[in-house]
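Encoded as structure tokens, the structure appears first; notes follow it.
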Amino acid sequence: MKRTVFLLLAASMSPIALAAEVCYPTAVEQNEDGSEIRKVYDLEPGQDPAGISRSDFEQNGVHYTLTDLLKQEMPEYQERQHTEEVSLESKNKDMASILALLPQQKEFVTEDGLSGTLTLRLDTVQVETAGYGKSSKTVTTTRRYPNLGSQDTSYIPKTVEENGRTMTLQDISWQTDNTANMDGYALGERYTAVATYSGTATSSYVTGYTVTAKYEGTVSRIALDRVRYVAIFEGTEIKPVVTLPEIEDPGPDGTIP
């Protein structure tokens, strides 16, 4: 029983749900003698024209009846200036390399469907450092320590400073110096230590560049923004109904009492 009631309710409500939205005219035109009225409706694309009234109506003693419904698409030309900023990466920052990445002109379509050719504005090209990296390498240096009485490593510094960098002792090679005094007597063996030191040199470098630039130009489109319907009503003059007076039947003698 409940199911039957539900179906009846649904059936009764469906015509209401499917009713077309009422359309209202944007202009009403009438000819000089009033024999024709045109009602103009400008609808959005996709709007249902079923909401346009087709019913007869009366106005100023004239009865109007729909005779035709014309449809006319109303394309609209849209145009505006558009600026688009682009961003890209470059390994070099010289202008020749940058311009090789940026075409002088490019085709572009906006989010709302306008399209056109944009031209690069050279005065808007900017180059910024994208980031830095670090590299390191091992560097070496040598120190000579002459006129040592023995090959004693305690005389050799374990670290040295060079160019603001601390270098650590890595290796020692010894050279023998046979020396004598001014009388020719040998003073004994003397040694020269050749010490090798190493350290790490760290340097930073640019990993790349970010290039930004602006393109400008005119974008346009032909858009179907509305559809025009013209309802033509022809009029017929409403003639008044003339009521004649009632005539009584004559009597038996042929006279009207």
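What follows is calculated from the coordinates using simple rules that are stated; it is not laboratory data. Small disclaimer: the values here were computed from a predicted structure and weren't measured. Glycine also receives a Cβ, built like all others from the backbone with ideal geometry; neighbour counts cover every protein chain displayed.
Beta carbons within 10 angstrom, averaged per residue: use that to sort the peptides 82-93, 224-235, highest first.
Taking the mean over residues of other Cβ atoms within 10 Å, the ranking is 224-235, 82-93.
Whole-Hz Karplus ³J(HN,Hα) for the range 219-229, in order, using 6.51 cos²θ - 1.76 cosθ + 1.60 and θ = phi - 60°, x for Gly and Pro?
10, 8, 6, 9, 10, 8, 8, 7, 10, 9, 10
Please compare each pair in LYS137/LYS214; LYS93/LYS137; LYS93/LYS134 to a cut-off of 30 Å on the Cα-Cα distance and tell me which ones are over it.
Where the Cα-Cα span goes over 30 Å, the pairs concerned are LYS137/LYS214.
Straight-line reach only, C-alpha to C-alpha below 23 angstrom: list the lysines that LYS39 could link to, leaving out same-chain residues fewer than 8 apart.
Excluding near neighbours in sequence, the set is LYS71.
Using the Cβ atoms and a cut-off under 9 Å, what net charge is assigned to the surroundings of ILE37, where Lys and Arg are +1 and Asp and Glu are -1?
Around ILE37, the surrounding residues sum to -1.
All other residues with a Cβ under 12 Å from the Cβ of SER220 taken together, and with Lys, Arg as +1 and Asp, Glu as -1, what is their net charge?
After counting each charged neighbour, the total is -1.
Classify the range 73-205 as rounded, prolate or oblate from the Cα gyration tensor: take a ≥ b ≥ c as the square roots of its eigenvalues, call it rounded if a/c is under 1.5, otherwise prolate when a/b beats b/c and oblate if not.
Since a/c reaches 1.5 and a/b is larger than b/c, the shape of the range 73-205 is classed as prolate.
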